Amino acid sequence: MNKYLKIGLIISALSQLGACSMAQLTVKASMPLIDGGITAMNKQADLGIAAAAIPANISLIEGMLVNDPNNNKLRLYAAQAYYGYAFGFIEDGFSENGFNPQANPNRAAKLYEKGYHHARHVLISEGLTEQDLHGDLESLQYSINDLDGDAVPALFWAASCWAKSIDLNRDKTHNLAQLPKAVMLMQRVLELDEHYYMSGAHIFFGVYYGSKSPMLGGNYKLSEQHFSLANKANHNKLLVSKLLQAQYLERQRFNQQGFHELLTQIIQASDTLYPEQTLINLIAKYKASLLLKKETLWF
């Protein structure tokens, strides 16, 4: 090979490596802005602003991941953002005046799947493999047991997004067969750090055990215990826990009084009850108003 051609190829390779490194450095330098944006969004007191801003934030994160695909923190932010947007504004719909929200569970399921994709990427970097996730339950459990506290965020968001995607695709038998795997991931979160993300694992299992009749594997007592632990850990300030208790546990056990009282408490709660989590509480209040409109249909 001509020596000048060799030199040209080397220079080209080095320039590409430098460009890649510069892109990653730019992403890393921008992380404090992303961190601040997440904190600010959690405190957002206007649902309309949040509904409009989150898609742009997701696009920004996805763009940054193009330049730094192995940035696990960004991957987890993406999983969280997809979950939050699907749950807060798409699954049941959203309209600023509360009238005729256009629910879109099919779109929400796809958003949850995107969130799971990002969290799964991090799980694999923590030691799980695609074979583990798609293999038998015994092998998956064996691999999960090797994960330590560093894997908790990936376990939590993978399980959360995966379970919601499955729940919205109940007509697909293959998807339902995957639910025990999502439950196993969240069980490991419970073992390693039960208070991670506002005791979200307890809320997960409150829904899991409360949404099914005892004949189908539900357990109302366990559900109530998990919701109680979540409420206690959050000093009764996290309204979404009460929302999901009403929606799943109280509705499933036909407790109209409990259903009504919980939703009424949510709606009457102060908008400043939990300043650091204003957005999720406002979403809970909005969703509580939608559920109350269905009370006479369900009881």
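The values are calculated or read from the model by the stated rules, or taken from the named source; none is laboratory data. Bear in mind that the values here come from a model prediction, so they are computed numbers and not experimental data. Because the Cβ atoms are built from the backbone with ideal geometry, glycine has one as well, and the counts that use them run over all protein chains shown.
With respect to the conditions (1) under 20 Å from residue 239 (Cβ atoms); (2) of a type outside the set (Lys, Arg); (3) within 19 Å of the chain's Cα centre (by Cα); (4) at pLDDT below 95, residue 37 lacks only one, and its number is (1). Taking residue 99, is it of a type in the set (Phe, Trp, Tyr) and without any contact (Cβ under 8 Å) to a residue 24 or more places away in the chain? The answer is yes for residue 99.
Within the stretch 7-28, none of the residues are at pLDDT 50 or above, over 23 Å from the mean Cα position of the chain (by Cα) and surrounded by fewer than 10 Cβ atoms within 10 Å (Cβ to Cβ). Screening the stretch 204-299 for helices (runs of 4 or more DSSP H) wholly inside it with 1 or more residues that are over 26 Å from residue 155 (Cα atoms) and not basic (Lys, Arg) returns the ranges 256-268, 278-292, 295-298. Scanning the stretch 47-84 for residues that are over 25 Å from residue 26 (Cβ atoms) and touching a residue at least 24 places away in the same chain (Cβ under 8 Å) returns 47, 48, 50, 51, 83, 84.
Quick one: is residue 95 part of a loop (DSSP other than H, G, I, E, B) and of a type in the set (Ser, Thr, Tyr)?
Yes; evaluated as a whole, the condition is true for this residue.
Within this structure, residue 216 fails the test of being closer than 24 Å to residue 103 by Cα, modelled with pLDDT under 95 and surrounded by fewer than 16 Cβ atoms within 10 Å (Cβ to Cβ). Residue pairs whose Cβ atoms lie under 6 Å apart, separated by 6 or more positions or on different chains, with the first residue in the stretch 156-171 and under 23 Å from residue 193 (Cβ atoms) and the second among the β-branched types (Val, Ile, Thr), are 156/189. Of the residues examined, residue 194 is not one that is part of a helix (DSSP H, G or I) and more than 20 Å from residue 75 (Cα to Cα). Inside the stretch 78-104, residues that are of a type outside the set (Ser, Thr, Tyr) and surrounded by fewer than 16 Cβ atoms within 10 Å (Cβ to Cβ) make up a count of 8. For residue 95, indicate whether it is at pLDDT below 90, under 24 Å from residue 241 (Cα atoms), out of contact with any strand residue (DSSP E or B) (no Cβ under 7 Å at 6 or more places or on another chain) and polar (S, T, N, Q). Here the answer is yes, as residue 95 does meet what is asked. Within the stretch 141-191, being assigned to a helix (DSSP H, G or I), in contact with a Gly (Cβ under 9 Å, 6 or more places away or on another chain) and of a type in the set (D, E, K, R) holds for one residue alone: 164.
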